[in-house]
Structure formats: C-alpha cells, structure tokens
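One structure is given below, encoded as structure tokens.
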Amino acid sequence: MEIEEAIKELKHRGAEKILLQIPDGLKPESFNLFNRFSEEFKVVISSQSFYGACDIGNMEVYRDVDCIVQFGHSEIPNIKYTKPVIFIEYYYKAVELDDNVFSVLRDDGIKDIGLLSSVQYYKEMQYVQEKLDKLGYNVIIGSVDGRLKYPGQVLGCNFSSAHSIANRVDAYLLVSTGLFHGIGAQLSTDKPVYILDLNQKSIRNIQPDIDKFLRKRYARMEPALDAKKFAIIIDTKIGQYRKKLAYSIYSKVKDMGKEAIIVTADNINPMDVENMMCDAAVFTGCPRVSIDDGEKFRIPILTPIEFEQLFGFKSNDRYIMDEIVGVDSYSPIR
Ligand code: SF4
C-alpha cells in the first residue's frame, strides 16, 4: 500500500488521530511524513525502534489514537491487533542480475530450487523467479502458515514457506542483502541454503557461516546446564506474547528441582535480567534476541527449544530453530 492509498483507507475507517511507526532507516523522512499525514489527521510519531509487525509499541503510546500506520513490514495475519493497523510495505530498489550470477547453482548440481525472501525483497524474488525459469531451473515457491502473508515469505521467526516444500527441493535460494534470514532459514531446514546477495550480486552457500554460528551458540548455551536459578521471560509485544509456552517452561524448570521466576519485559535488557541474580534465562519473545543478541548478556539466554534440547525434553540430534507459529491473547497473569 502506498501513502495516498493509506490516507484513503484511514479516511474510510473514520480515523482522526493516528500514530506513525517509522523504522530507523526511514526516520529521516519523519518531517515529510508527519506533514503529509497532518493535512488530514492529528498525527504523532513513535520515536521508539520497533522490530516488525509483531510490535505495535506500548499500549500507553497507542491507547489514544484511532489507527496505527506502520512502515516497512507486512501484516502478520494471525495476530489479533488491538487497534487497526495499516501496513505500508517498502521494497528494496530493483537490481539487474546477469545470468552467470546463478551458475554456482548449476555447478552444485541443483535443479529444484525453493525461493525465499523477506517482504523487503519480495519484488526482487519475483524477478529472480523469472530469471531462473528462463535458465531452466524448476522453481518452487512454498505456501505459508498464518504468521506470514505471502508465498515464499520468511520472517526471522517463521520459515513455514521453506517447510512446506522441503521434500520437493534440492536447495533454497534466499533473496536478501545479509545473513540474518539466511541463518534462520538454514537452522530450520536440512536442505542447503544459498543467499543471493543483491548488493554483492553473488550467490553463496552459507553452511560455513552456520558451522561457525553453531560453535559459538553451543558455547553460549552450555553454562545453563549448571544454572540453579532461571528467569522465564515473557515479552509483552503483541506478536511475541507466548505466555502459555513460558509457563510450560517454568513447570519444567521446577520439576527439575531448580528455582524459576516468571518475568515480563518489553525491551529486554541485560542489566534488568542480571540484577535478578539468575544464572540463566529462557526468553519466549522474538527468538532472534537469544540468537543474535545473546552475547550482550553475561548469562545464557536460551530460546524455549534450546532449553528443551539442552535438558533432554527434546531430541538433541540437530539444533532446532525456535519458530513462532501463533501467539496468545494478552492477559498479565495465568
Ligand atoms: S518476532 Fe522477531 S523475527 Fe518475528 S517478526 Fe517479530 S521481530 Fe521479526
């Protein structure tokens, strides 16, 4: 949806007061956006960083507006947003790719390719699909569960589009500009994942990055085996709220004869957790916090599945990526 369409939609909904959520990369446009929307509505901009469509900010911020406009992300269809939210997706600028960029796939014997991308690269993924079709590859785009909007789409916490075609592909090709979604995609599947880096205009297999990642990750997780006190943290963001999962982990910790407390957080920060004098934490919000930011914490911060694998509640044959399929309705206490 474009800005003018969003304005039409807001008028159609009878909105008078609106909140704009602008990602950091677009913040330089704050004055322009504020001025344009202010021609029609009372506007306030949230200065807080936000992480995705799972995060519409604190209730204190959006309580008094009729509608939220979030830039840069696509809706997560199975979240019951407590306010109407209009999503204005942003796409990476189009790039042209030579046919020889794709030759590494043929060299590696790949014929059936599953295409993946986050919403920012979705239009580029469609362009890549056409290129690969013309080059004679069998391109397959997977269907998604209720947390994703578009076929082939991925989030850092959901790779259902990859799972849906796992038996039909030799490998996945993720259209992107960095490793973030590639790491998650490779952790969530046994098939090889290649990244098509649109900045570099090159394709590479990311297995070496995964080997390095897993060595570091297991080293971060292992001290939790000796922990006596656990904080089980529930993130209160509307699309990360997994209270039932948190309480099930809490029960498991208690059954192991260890101490556990239930904690809520909005933006989890190392000092808050460490001040509680716990030896380890299990974070049930965005799995990327444990995976990508774990080194900011002095104690191990585990995803729920890492906890279950470490303590034998789940098989430990291979690392299992924590994926969010659905979240709970908000209520503060069990
Ligand atoms: S939970 Fe994390 S990975 Fe999933 S949408 Fe939110 S910020 Fe992105």
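Bear in mind these aren't lab numbers, they're just calculated from the coordinates by the rules spelled out. All figures in this text were calculated on a predicted structure; none of them were measured in a lab. With ideal geometry, Cβ positions are generated from the backbone for all residues, glycine too; neighbour counts draw on all protein chains shown.
Structure notes:
- Rough spin-label spacing in nm, given labels placed 7 Å along Cα→Cβ, for residue 104 and residue 261: 4.7 nm
- Local net charge near residue 149, Cβ-Cβ under 15 Å (Lys/Arg +1, Asp/Glu -1): -1
- Three-way shape call for the range 122-192 based on the alpha-carbon gyration tensor, with the a/c threshold at 1.5: rounded
- The phi torsions of the range 296-308, fed into the Karplus equation with coefficients 6.51, -1.76 and 1.60 and a -60° offset, translate into couplings of 6, 9, 7, 9, x, 10, 9, 6, x, 6, 4, 4, 5 Hz, rounded to whole numbers, with Gly and Pro shown as x.
- Length, then width, then depth: along the principal axes, the Cα atoms of the chain run 59, 57, 29 Å.
- Sum of side-chain charges, residue 119 neighbourhood, beta-carbon under 12 Å (Lys, Arg +1; Asp, Glu -1): -1
- Legend: residue pairs 191/212; 191/296; 111/216; 42/237; 42/80; 131/216, Cα-Cα distance threshold 27 Å; pairs beyond threshold, 191/296; 111/216; 131/216.
- Label-to-label distance, residue 32 versus residue 135, with points set 7 angstrom from Cα along the beta-carbon direction: 3.4 nm.
- Charge tally around residue 106: other residues with Cβ under 12 Å, Lys/Arg +1 each, Asp/Glu -1 each, net -3.
- Between the beta carbons of residue 9 and residue 143, assuming R0 = 22 Å, the FRET efficiency works out to 0.25 to the nearest 0.05.
- Burial ordering of 278, 286, fewest other beta-carbon atoms within 10 Å first: 278, 286
- Our Cα-only numbers for the range 3-88 put the radius of gyration and Dmax at 11.8, 33 Å.
- Between the range 78-96 and the range 109-141, the alpha-carbon center distance in angstrom: 22 Å
- Each 5 Å bin, from zero up to the one with the longest distance, holds this percent of the alpha carbon pairs of the range 135-238: 2, 10, 17, 19, 18, 13, 10, 6, 3, 1, 0, 0.
- GNM top mover of 189, 284, 303 - the chain, alpha-carbon springs below 10 Å: 189
- A rounded overall shape is assigned to the range 214-310, the ratio a/c of its alpha-carbon gyration tensor axes (a ≥ b ≥ c) being less than 1.5.
- Dipole in debye (nearest 20) - the range 99-205, about Cα centre, beta carbon charges: Lys, Arg +1; Asp, Glu -1: 180 debye
- Ordering 272, 55, 170 by the number of other Cβ atoms within 10 Å of each residue's own Cβ, fewest first, gives 272, 170, 55.
- Residues 102, 230, sorted so that the one with the fewest Cβ neighbours within 10 Å comes first: 102, 230
- Computed from the Cβ-Cβ distance with R0 of 35 Å, the FRET efficiency linking residue 275 to residue 58 stands at 0.95.
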